[in-house]
Amino acid sequence: MGNCCSDVAGGQSAIGGTAAGHLNPANAPNDAVDRFLRSRGYNGLFSQIELSFSASGLRDRDVLSKSDPMMVLYARGKNAALTELGRTEVILNSLNPTWITKHTLIYNFEVVQVLVFRVYDVDTQFHNIDVKMLKLEEQQYLGEATCALSEIITKFDRSMTLDLHRREDSIRSTQSQNCGKLLVHAEECVSSKTTIEMILRCSDLEYRDLFSRSDPFLLLSKVVEGGSHIPICKTEVIKNDHNPIWKPVFLNIQQVGSKESPLIIECYNFNSNGKHDLMGKVQKSLVELEKLYSGGQGENFISSAPAGHNSHNKVLKSQLFVDKFSESIQYSFLDYLAGGFELNFMVAIDFTASNGNPRLPDSLHYIDPSGRPNAYQRAVLEVGEVLQYYDSDKRFPTWGFGARPIDAPVSHCFNLNGSSHCCEVEGIQGIMMAYTSALLNVSLAGPTLFGPVISNAALIASQSVANGGRKYFVLLIITDGVVTDLQETKDALVKASDLPLSILIVGVGGADFKEMEILDADKGERLESSSGRVASRDIVQFVPFRDVQSGEISVVQALLAELPTQFLSYMRSRNILPNS
């Protein structure tokens, strides 16, 4: 336990909540939920999904009885290869089965997870064999269906009805034979979304440093079977203070186990060498900590006797107090989707002259006759293929900047479709068509200005808020160079930080994008406007686009993984509930 904080910065972050959460308390309570799911290996959106299945109107392939259906679930990879995920039980004599067997899988927001469902009629001679041992080629194939997992979880009730068809029918004809329907229902597998917020303080801590007061922090651990301790949360370090009051800590009930589960609260004196001194400890459940808060009482720390000694634990003068104890329900990203919230995709493309002549193969805007997409097209496709499922009308505002339209001055925000009044295009293919058309109808110019497109996106987001829209907007800016209106861009971003808007900036080409990282506040420093106003939250993610090596995830996928957190930070900071 002594090395839980190796430096002051480390001591200033809670295991159950990030330093950013402390800067913005409205965001922090849910970090406990996210941290718990992360610890279970759920990265990105951190959601585990349970799927259940039923079917209706299946084909009857048996002569003297009805079919005995079983459903097999597959994941389809990028190369179209299928990986079997699981099988249901066999339902005897039913054309309208409801299977008991569920399947649990991890939902990754940042990738499109394509699922394939195949239904088989299991022959009577195999009924006593474990379904895992059945050879599918020996069973009668009834039909299949395909969809993306994100299509299911974005439905209002997280249920989707799919038409079953036969593989050979879909290959031969666009009019497949009716093979019945499959109903797939998804449930999020977090058993508790209750989060506890506590403010803890201590009094009369012992002197441990020779020439100064102690530098205390608290470590909270749960007790598991066998008596071992698992750390779940720690406070920041407070320098030179024997009566410290720490910033709020946040615990998810599922992290702890239950409100009756014992917690060990240890107070350490921070040492920069990592060998922190244990100053005392208390064992209390959340129920008991709540009683301390209600009664305004403190609990004395105890000092454990060294191993091998028969002496009893020593009760210390120093005490632990609970100055705040509150419970709240923290909703997940999927709760908001089920409540009707959407992600609306917007795109802005750099048409400055530094991209090179689009007619030449060395240009970043070159359209390869072989159909291989350039970096701009790839970025749109990679981000768009994920976000399109969260936008019901699939009408995407799309702009260009840094070019001179025909018979017009240089524009730093023009509608990519050439319209003078409408910026929306239909679907991802609509973006691709508008992009290739624009290359023929504009002259590349400059400079690189982001301010106008950010302001346009912010205007759409603010109008949605004014109209009570349940939308969160995602602007993708693709550029080949460093922004030249840095302060104007900062001003626009600070203003937009109060809106339901995130901005993804993808740098293409070989430029040095180091200065662009200033716009991405991942290191904890919020953007500041020319008037001195600080951004209310971080809404920018920047990545340089590069070729993906074998086995690596795309940088764009890594970029998208941040979006649910930014979405939730906006909703929670404004106390917007999924069904409000």
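The values are calculated or read from the model by the stated rules, or taken from the named source; none is laboratory data. This one's a predicted model, so the numbers in the text were calculated from it and none came from an experiment. Using ideal geometry, Cβ is built from the backbone for each residue, glycine included, and neighbour counts are taken over all protein chains shown. Accessible surface is based on the protein model in full, side chains and every heavy atom, while ligands, DNA and RNA are left aside. Shrake-Rupley method; radii C 1.70, N 1.55, O 1.52, S 1.80 Å.
Could you provide, to the nearest whole Å², the per residue accessible area of the stretch 233-329 with probe 1.4 Å?
Heavy-atom accessible area per residue stands at 49 Å².
Tell me, what is a quarter of the convex hull surface for the C-alpha atoms of the chain, in nm² with one decimal?
With the hull built on Cα positions only, its mean projection is 34.9 nm².
Students often check this: by mean Cβ neighbours within 10 Å, which of 217-230, 264-277, 336-349, 240-253 ranks highest, and how do the rest follow?
336-349, 240-253, 264-277, 217-230
Arrange the peptides 504-510, 528-534, 395-401, 327-333 so that the one whose residues have, on average, the most other Cβ atoms within 10 Å appears first.
395-401, 504-510, 327-333, 528-534
Distance in nm between label sites at ALA511 and SER159, each 7 Å beyond Cα in the beta-carbon direction?
Result: 5.1 nm between the two label points.
Counting only heavy atoms of the protein chains, get the accessible area per residue of the stretch 47-187 (1.4 Å probe) and round it to a whole Å² value.
Working: 7150 Å² over 141 residues.
The answer is 51 Å² per residue.
Under 11 Å from the Cβ of ILE428, count the other residues' Cβ atoms, weight Lys and Arg +1, Asp and Glu -1, and hand me the total.
Result for the local shell: -3.
Just to confirm a number: summing +1 for Lys and Arg and -1 for Asp and Glu over residues other than LEU504 whose beta-carbon lies under 11 angstrom from that of LEU504, what do you get?
-3
For the stretch 339-572, what is the convex hull volume of the alpha-carbon atoms per residue, in Å³?
134 Å³
State which entries of LYS181/LYS394; LYS239/LYS514; LYS239/LYS324; LYS78/LYS135; LYS247/LYS495; LYS193/LYS490 exceed 24 angstrom in Cα-Cα distance in the structure shown.
Cα-Cα > 24 Å for LYS181/LYS394; LYS239/LYS514; LYS78/LYS135; LYS247/LYS495; LYS193/LYS490; rest within.
Calculate for the chain the 222 nm mean residue ellipticity that helices alone would give, adding -39,500 (n - 2.57) per DSSP H run of length 4 or more and normalising by residue count, nearest 500 deg cm²/dmol. Show your work: numbers first, answer last.
Working: 14 runs with 121 residues, N = 580.
So the calculated ellipticity at 222 nm is -6000 deg cm²/dmol.
Could you check the simple spin-label distance between ILE100 and GLU225, using points 7 Å along Cα→Cβ, in nm with one decimal?
Taking the simple label geometry, ILE100 and GLU225 are separated by 2.5 nm.
Say R0 is 60 Å: what FRET efficiency, to the nearest 0.05, do ASP323 and ASP60 get from their beta-carbon distance?
0.30
Assuming R0 = 22 Å, what is the FRET efficiency of SER443 and THR484, from their Cβ-Cβ distance, to the nearest 0.05?
Between SER443 and THR484 the formula returns 0.75.
Between ILE505 and residues 5 or more places away or on another chain, which pairs have amide H atoms under 5 Å apart, with H built 1.01 Å from N, and which residues are they?
Amide H neighbours of ILE505, under 5 Å, 5+ apart: ILE477, GLN541, PHE542, VAL543.
Accessible area per residue of the stretch 339-572 at 1.4 Å probe, in Å²? Spell out each step's value before the answer.
Values: 9760 Å² over 234 residues.
Accessible area per residue, the stretch 339-572: 42 Å².
Count charges around TRP399 for me, please; just the other residues with Cβ under 12 Å from its Cβ, Lys/Arg as +1, Asp/Glu as -1.
It works out to a net charge of -2.
For the chain, which whole percent of the accessible surface, found with a 1.4 angstrom probe, sits on carbon and sulfur atoms?
Result for the chain: 50 percent of the exposed heavy-atom area is carbon or sulfur.
List the aspartates and glutamates whose Cα sits under 17 Å from the Cα of LYS66, skipping any in the same chain fewer than 8 residues away.
GLU89, ASP121, ASP123
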